[in-house]
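Okay, so here's the structure we're looking at.
The values are calculated or read from the model by the stated rules, or taken from the named source; none is laboratory data. Note that the coordinates shown come from a computational prediction; the quantities given were computed from them, not determined experimentally. A quick note on method: Cβ atoms are made from the backbone with ideal geometry, for glycine too, and the neighbour counts reach across all protein chains shown. Ligands, DNA and RNA are stripped out before the accessible areas are found, and what is left, the full protein with its side chains, is counted by its heavy atoms. Shrake-Rupley method; radii C 1.70, N 1.55, O 1.52, S 1.80 Å.
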Amino acid sequence: MPQCCAMNCFSQQVTGKLFHRLPKDPVRRAIWIRRIERKDWIPSNNSRLCEVF
């Protein structure tokens, strides 16, 4: 069950929110990672971000 990768967000897919994969484009992906603001975090292919963030 996907869970949001944003700091202090505990949304799960069962709550009815939309979840988005990080972009594959390296430039856009780097922007998303920087804006997620998790220190020393490397996203996996399964990382998701909920619609709230």
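Odds and ends about this structure:
- Think of a 1.4 Å ball rolled over the protein heavy atoms: the chain then has 81 Å² of accessible area per residue.
- Accessible surface of the range 1-52 [probe 1.4 Å, protein heavy atoms]: carbon and sulfur percent: 50
- Crossing angle, helix 26-36 versus the chain [Cα axis fit, 0-90 degrees, rounded to tens]: 60
- Kirkwood Rh (inverse of mean 1/r, distinct Cα pairs), the chain, angstrom: 11.3
- Spin-label model, residue 37/residue 21: points 7 Å from Cα along the beta carbon direction are separated by 2.7 nm.
- Taking the average, over residues, of other Cβ atoms within 10 Å as the packing measure, peptides 22-31, 43-52 rank 43-52, 22-31 from highest down.
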